[in-house]
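Written below as structure tokens is the structure these notes are about.
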Amino acid sequence: MQLSWEWLTTQIADCRACDLCQTRTNIAFGEGNKNADILFIGEGPGREEDLQGRPFVGPAGQLLDKMLAAIGLYREDVYIANIVKCRPPQNRVPLEEEANACITYLRAQTALIKPRIIVCLGATAAKYVYDKDVRITRDRGHWKQKNGVYILPTYHPAALLRDPPKKHEAWADFQQIRKILDELNSEKTLIKQE
Ligand code: URA
């Protein structure tokens with residue numbers, strides 16, 4: 001079967017791969033620009049995301065929107081997804097079996113989008129995207145490269161809401177994102193001119 005958005009949407013509809021299906025209202029699949037240079041990955045839907053079936057639309061999402069706007073980006077420019085697509089009860093951290101059951105969808109989304117940059121919002125995203133032993137306070141702001149894709153771990157916006165002084169470091173990370181994006185875009189322009 002050829003990987004496509006249509007195929008993926010059919011695969012995930014009414015997914016029963018883990019127990020989160022029993023308590024979810026809606027699946028928050030992910031949304032944004034399917035040709036985005038940047039993919040933002042969070043942990044899992046919260047209450048508002050579960051009700052609307054859209055990622056990052058609650059308080060953390062509103063902060064994410066502001067941080068994007070501060071570096072000249074809008075939701076339509078980027079793709080936003082989560083490690084798990086269904087809300088864990090009481091917003092607990094997803095269990096390993098839930099994350100492992102759901103990661104196939106994220107891998108398929110990543111393969112279709114082909115982002116140049118992946119931003120891991122918080123430890124859960126970083127853990128399942130590139131390093132099971134990540135420590136976000138230690139590792140945030142440090143770029144990795146995997147299969148030619150730049151990966152940046154940073155704080156989850158919900159952590160910034162709980163602990164506002166961290167916004168200072170998150171701001172530095174977002175400035176880095178802007179810088180790498182500009183560098184990648186100028187490379188593209190150079191290649192076009194050649
Ligand atoms: N937190 C997340 O990790 N993802 C969302 O979609 C919303 C809040």
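Per the listing Glu76, Glu97, the residue uniquely in contact with a strand residue (DSSP E or B) (Cβ under 9 Å, 6 or more places away or on another chain), part of a helix (DSSP H, G or I) and open to solvent by 80 Å² or more (accessible area, probe 1.4 Å) is Glu76.
State whether the residues of the range 153-171 include one that is within 30 Å of Ile27 (Cα to Cα), acidic (Asp, Glu) and at pLDDT 95 or above. Yes - at least one qualifying residue is present in the range 153-171. Residue under question is Lys34, and the condition is that it be basic (Lys, Arg), under 14 Å from the mean Cα position of the chain (by Cα) and under 30 Å from Ala172 (Cβ atoms); does it hold? So Lys34 fits the description; yes.
Counting only residues that are within 17 Å of Arg116 (Cβ to Cβ) and of a type in the set (Phe, Trp, Tyr), the range 59-79 holds 1 of them. Where helices (runs of 4 or more DSSP H) fall wholly inside the range 101-182, the ranges with 3 or more residues that are under 17 Å from the mean Cα position of the chain (by Cα) are 123-129, 157-162. Selection of the range 53-62 for residues being more than 10 Å from the ligand (Cβ to nearest atom) and at negative phi yields only Gln62.
Within the range 79-94, the set of residues being part of a loop (DSSP other than H, G, I, E, B) and open to solvent by 40 Å² or more (accessible area, probe 1.4 Å) comprises Arg87, Arg92, Val93. For the range 40-57, a tally of residues being in a loop (DSSP other than H, G, I, E, B), closer than 10 Å to Asn91 by Cα and open to solvent by 20 Å² or more (accessible area, probe 1.4 Å) returns 2. Checked against (1) more than 14 Å from the ligand (Cβ to nearest atom); (2) touching a residue at least 24 places away in the same chain (Cβ under 8 Å); (3) not in a loop (DSSP other than H, G, I, E, B), Thr10 passes all but condition (2).
Yes/no per residue for (1) farther than 17 Å from Glu43 by Cα; (2) in contact (Cβ under 8 Å) with a residue 12 or more places away in the chain; (3) open to solvent by 40 Å² or more (accessible area, probe 1.4 Å); (4) within 16 Å of the ligand (Cβ to nearest atom):
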residue	(1), (2), (3), (4)
Ile113	yes, yes, no, no
Ile117	yes, yes, no, no
Ala125	no, yes, no, yes
Lys132	no, no, yes, no
Arg135	no, yes, yes, no
Asn147	yes, no, yes, no
Leu160	no, yes, no, yes
Asp163	yes, no, yes, yes
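Based on this model, can you work out whether Tyr105 counts as away from the ligand (no atom under 12 Å from the Cβ) and surrounded by 22 or more Cβ atoms within 10 Å (Cβ to Cβ)? Criteria met by Tyr105.
The values are calculated or read from the model by the stated rules, or taken from the named source; none is laboratory data. Here the structure is a predicted model, which is why all the values come from computation and not from measurement. Note that each Cβ is placed from the backbone with ideal geometry, even for glycine, and that neighbours are counted across all protein chains shown. Just the protein is used for accessible areas: all its heavy atoms, side chains included, with ligands, DNA and RNA removed. Shrake-Rupley method; radii C 1.70, N 1.55, O 1.52, S 1.80 Å.
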